[in-house]
Structure formats: structure tokens, C-alpha cells
Amino acid sequence: MRRVHPSTWIPSLYIAEGIPNVIVVTVALVMLKRLGVDNTDTSFFIAWLYLPWVIKPFWSPIVDMLGTKRLWIWAMQVLIGSALAGVAFLLPIGASLSWILALLWLVAFSSATHDIAADGFYMLELDSHKQALYVGVRSTFYRLATIVCNGPLIMLAGALEVYYGVPARAWGVVFGISALVFLCFAAYHLRALPRPAADTPHTAGQSFGDTFTAMWGTFVTFFKKPGIIAALLFMLLYRFPEALLTPICKFFLIDPIEKGGLGLTTSEVGFVQGTVGVIGLLLGGILGGIAIARDGFGRWKWPMVFAISVPNLVYVYLAYFQPQDLWSVNTCIFLEQFGYGFGFTAYMMFLLYFAKGVSETSHYAFCTGFMALSMMLPGLFAGWLQNLTGYLNFFILVIFCTPITLLVTSLIKVNPLFGRKETMVAQEN
């Protein structure tokens, strides 16, 4: 069997995993705003696009039973590329928004399925030592996809808006480039991905009924875990203020001064949030991981709660004073995203802690489903609420939602030393 070095496929595979997620939940939001779609409708539509990631644990058995992970990866990449090409074709001709949203939902569904197959393929091809060795590589390249899509891709759209003078045509070119890139990924992975002997359909000696019975068993054991009510409240509400804020802050940056926004161009939004903001997010996440690895979850739980909550005040400042210098805006966005990255570490560590035990992988998938749901539900009405209150009052309301985060954090019970290196090693042994 041909041996393939992991460095030839892990970076490209996890860039491919990250790109469609960012395009659907971030790039598409900016695009709809620039196309003149109302804030209420835009946040509602984008929130519904989270749904495939919410429910993906429920069709993961199908990926196991039908075909190989390698085939699923390739097929989903072709489907994502084709759907992006469809969006690129429809935008310049002024097609109905319903068709564009349908194709974006197809991208989201295919991306969620691709996540299942890619993560499963990673575990099948690599032994436990190599999985640990390359986990930083896969994380780095997934984040690189986030930076490229949030920053340079949106900045390119802004430059093309100026060049063409027609936003729909500019965004059509951007989605066309994205489609071409993804089809190139599909062509490359058709050749580059290894063929692990273990990558076979899990149907031998097991019926569909047996598989779904086992799936139901993991579902039942998840909801019988001690502290499940507190855990679900934490998963759904820890980020409630941030979930309200996330779609609206982009609208705020784009809307003109007379509407209460900052009036930034598309390229400026790409730089402020997609470059400066993402760098702050990554630095906060890295420092948060280092802090918990050194001292444990208990030492940093409350500092991380305040880190994810207090920096939201920068949007109250920005909405009140509406500064026009990019230095002030960049500084505020960096501080808010740094705090979010640092505070989000506590959330992710809790998901890992709660998933420990029997059926750990499946239980963690359920946790990530609730994580996606926590962003989806507030997004359904965030735009409506902002239109009702205006930007300044909306951001003040977000601050008044902070006690929700404090309350649900006080309900969870976690080993204070969880996350420390020696504690994790002891648990594994």
C-alpha cells in the first residue's frame, strides 16, 4: 500500500474543512448586508444556516455505514465547489434570494458532512501518537482558513465592489474564486489522500437497525449524565450575549453614520474584523489554553467569564461616539475579540470535561451540536431586536444579558484541576 506522509494532506484537508464554515456564517452575512438585505432578515437567514452543524451527530452513522470516509470527503468537496459556483452564477444575474440561500444551505449541509468524514478519516489513518503530533497542525490550518476568508476574501470583495460598482457582480467573482479553489481541493485530495485499510463501510455483520440502536444508546447515556441540566444550560447560554452580538457587530460596522453605524467599506470590515479581530481571537485562545494547562480549569474559570463579557462594552463606546479613525476601531475590535478568545477557552474545556467517559467521541459530538445551537437561536431574533432598539440600545441590552453567563457558570461542577497537564495524563492512564 502506498504510504503518504501526513504533511501532504492534513494542512489542505483542514483548510478545506474551515473555508465553507466561514463562508456560510460570516462571508455570506457581509454579502447579504452589502446586497441590501434587511438586518432582521439577514441575521435570521444566517442563523438557520447553522442548523446542519447542530444536527450533524444524527446523520454521522450514515457516513460510517455507506462508503468510505475518503469517498465522502471527495464527494462533499465536489458538492461544495459546485454549490459555490452556483451562487457565483446566480448573483450577477439578479436571481431570487431564495435560490442563493438554498445553495448556501447546501454548502452548510455538505460542510457539516465533510467535517464528520474528515475527522473520522484523521482518526483512521493516524495512530494515537500521530493524532497528538498533528493536532496542532490541523488546528493551525483550520484557523488559517478563518483568517483568509474573514480577511483577504472580504477585502477582495470590497476592492471589486469599487472596481465594478455593482456589489452583486463583485460578490459573484468572489464566490467564483471560492468555487474554483474548492474544486482544486477535490482534485488534489482525489490523488493525495491515503487509502487506510480500516477505511471501509461499517456494515459488515451490522444492520442499519443495530447501528441506530447503538446511536440511540449513546443519546440516552448522554442525557443521563450527572449534572445534565446545568450542563445544557451552560452550553446554550454561556455565549448568549456574544451570540446576540456576533451578527449585529458586522451590520454596525457597515451601516452609515446616520443609521447609527460606523460606515466602513467592505474592505475595511475585512481588515478590522477579519484580520485584526481574528488575530486577537487567536491570541486570546492560545493564552487561555496555556493558562488552563498551567493552573487548571478552576483557577481561570471566573477570569475567563469576565474576559468574554466585559470587553463587549467597546461596542457601547463605538456606538455612542462613532469614531471615524480606524486606529480606535481596530483597537476596540482587537480587545473584544481577544477577550472572547480567552473566555471561550473555558467553554471548550467544559465540553471536553463533560464528554469524558463512555462513548466520549459521540458525546462530544452532541456537545458541539449544542454549541452550534447556542449561536443559532439568538441569531434568529438578533436582527429584529436591533432594528427595534437601534445600535446603541442594542449593545447596552447585550451588556445587561451578562448575568445570564454568570448564572449558568455558577451552576456547573468541574474538577478545579481539570486541564492541567499532569491531571490529563493521570486521567488517560
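The values are calculated or read from the model by the stated rules, or taken from the named source; none is laboratory data. It should be emphasised that the depicted structure is a prediction, and the values quoted were computed from it without experimental measurement. Cβ coordinates were reconstructed from backbone atoms using ideal geometry, including for glycine residues, and neighbour counts include every protein chain displayed. Ligands, DNA and RNA are stripped out before the accessible areas are found, and what is left, the full protein with its side chains, is counted by its heavy atoms. Shrake-Rupley method; radii C 1.70, N 1.55, O 1.52, S 1.80 Å.
Looking at VAL408, VAL398, which one is buried (at least 17 other Cβ atoms within 10 Å of the Cβ), part of a helix (DSSP H, G or I) and in contact with a Pro (Cβ under 6 Å, 6 or more places away or on another chain)?
VAL398
Can you list the helices (runs of 4 or more DSSP H) found entirely within segment 32-102 that contain at least 3 residues being within 20 Å of ILE15 (Cβ to Cβ) and at pLDDT 95 or above?
By residue number, 69-90.
Checked against the criterion of being over 25 Å from the mean Cα position of the chain (by Cα), under 22 Å from CYS249 (Cα atoms) and either crowded, with 18+ Cβ neighbours inside 10 Å or hydrophobic (A, V, I, L, M, F, W, C) (or both), segment 157-164 has at least one qualifying residue. Here PHE141 meets the list (1) surrounded by 21 or more Cβ atoms within 10 Å (Cβ to Cβ); (2) touching a residue at least 60 places away in the same chain (Cβ under 8 Å); (3) not aliphatic (A, V, I, L, M) almost entirely, failing just condition (1).
Residue-wise test of (1) farther than 25 Å from PHE370 by Cα; (2) open to solvent by less than 60 Å² (accessible area, probe 1.4 Å).
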site: LYS33; (1), (2): yes, yes
site: PHE45; (1), (2): no, yes
site: TYR50; (1), (2): no, yes
site: TRP59; (1), (2): no, yes
site: ILE73; (1), (2): no, yes
site: GLY81; (1), (2): yes, yes
site: PHE89; (1), (2): yes, no
site: PRO92; (1), (2): yes, no
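Scan segment 270-289 and give yes if some residue there is part of a helix (DSSP H, G or I) and more than 20 Å from the chain's Cα centre (by Cα), otherwise no. Looking for residues that are part of a helix (DSSP H, G or I) and more than 20 Å from the chain's Cα centre (by Cα), one finds none in segment 270-289, hence no.
Filter segment 336-372 for residues that are assigned to a helix (DSSP H, G or I), surrounded by fewer than 18 Cβ atoms within 10 Å (Cβ to Cβ) and among the β-branched types (Val, Ile, Thr) and give the result. THR361 - this is the single residue of segment 336-372 that is assigned to a helix (DSSP H, G or I), surrounded by fewer than 18 Cβ atoms within 10 Å (Cβ to Cβ) and among the β-branched types (Val, Ile, Thr). Exactly one residue among TRP327, TRP302 is exposed (fewer than 15 other Cβ atoms within 10 Å of the Cβ) and touching a residue at least 40 places away in the same chain (Cβ under 8 Å), and that residue is TRP302.
Just checking: which of the helices (runs of 4 or more DSSP H) contained wholly in segment 194-263 hold 2 or more residues that are modelled with pLDDT of 90 or more, hydrophobic (A, V, I, L, M, F, W, C) and open to solvent by 20 Å² or more (accessible area, probe 1.4 Å)?
Counting at least 2 such residues, we get 228-237.
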